[in-house]
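*Asks:* I'd like to ask you about the structure that follows.
The values are calculated or read from the model by the stated rules, or taken from the named source; none is laboratory data. From a predicted model like this one, the values you see are computed outputs, not experimental measurements. Methodologically, a virtual Cβ is constructed for each residue, glycine included, from the backbone with ideal geometry; neighbour enumeration extends over all protein chains shown.
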Amino acid sequence: MTKETHTTTSSITRKQLIDLLNEDLAGEYQAIIAYTVYSQVIKGAAYTDIARELELHAVEELQHAIKIAKQIDYLGGMPGVTPKPVITSNDPVEMLRADLENERATVGRYRERIRQAEALGEFGLSETLRAIIVQEQDHEIDLSAALGINVPPPIAPANKKQQNHTGNHHASR
């Protein structure tokens, strides 16, 4: 018998989940724009393959946005329409690093969102997010390979970082 530490996950409301999903949707819109722009402006023989891959990523991010919007509607909310800001640059490495950081943050947020969805008994949402994470991790692999680095770990949501420093040392399993 294991005791789970109490987090904001266990006390999340449906409305809060909708709001968080709308933030995630704004991130998906951001990714669509970034991948669309970067795939067209990234230059140089070294980036030919990744430019084509970024075009595919843009299509996959659109699919993610549609799935998230569908879940927001299912939960009784209205999907948002505003993207998060997109970083632009003339430096291909800076563009790829910005994409990689966004993917890392997305995977971290979706891991938390899965826990929140399951706390509310929204298992369909958690399965949808798991499928999205698979593609987001593939994007991380592609971007890391293009940058010649190992895939870095996901970025934990801000509230999880605080809980890890101030919370009970008996982690839940």
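*Asks:* State all residues of region 75-94 that are part of a helix (DSSP H, G or I) and in contact (Cβ under 8 Å) with a residue 40 or more places away in the chain; if no residue qualifies, say none.
*Replies:* Result: Pro92, Val93.
*Asks:* Does Ala46 satisfy the criteria of being closer than 18 Å to Arg130 by Cα and either at pLDDT 95 or above or part of a helix (DSSP H, G or I) (or both)? Break it down stepwise before answering.
*Replies:* On the way: closer than 18 Å to Arg130 by Cα: no; either at pLDDT 95 or above or part of a helix (DSSP H, G or I) (or both): yes.
It is false that Ala46 is closer than 18 Å to Arg130 by Cα and either at pLDDT 95 or above or part of a helix (DSSP H, G or I) (or both).
*Asks:* Next question, about the same structure. Among the residues that make up region 149-167, is at least one of them part of a helix (DSSP H, G or I) and modelled with pLDDT of 95 or more? Let's see the steps before the verdict.
*Replies:* Residues of region 149-167 that are part of a helix (DSSP H, G or I), as a first pass: 158-166.
Still in the running and modelled with pLDDT of 95 or more: none.
Among the residues of region 149-167, not one is part of a helix (DSSP H, G or I) and modelled with pLDDT of 95 or more, which makes the answer no.
*Asks:* Moving on. Would you check which residues across region 112-131 are among the hydrophobic types (A, V, I, L, M, F, W, C) and in a helix (DSSP H, G or I) and list them? Please lay out each step first, then the result.
*Replies:* Residues of region 112-131 that are among the hydrophobic types (A, V, I, L, M, F, W, C), as a first pass: 114, 117, 119-120, 123, 125, 129, 131.
Listed by number, the residues that qualify are Ile114, Ala117, Ala119, Phe123, Leu125, Leu129, Ala131.
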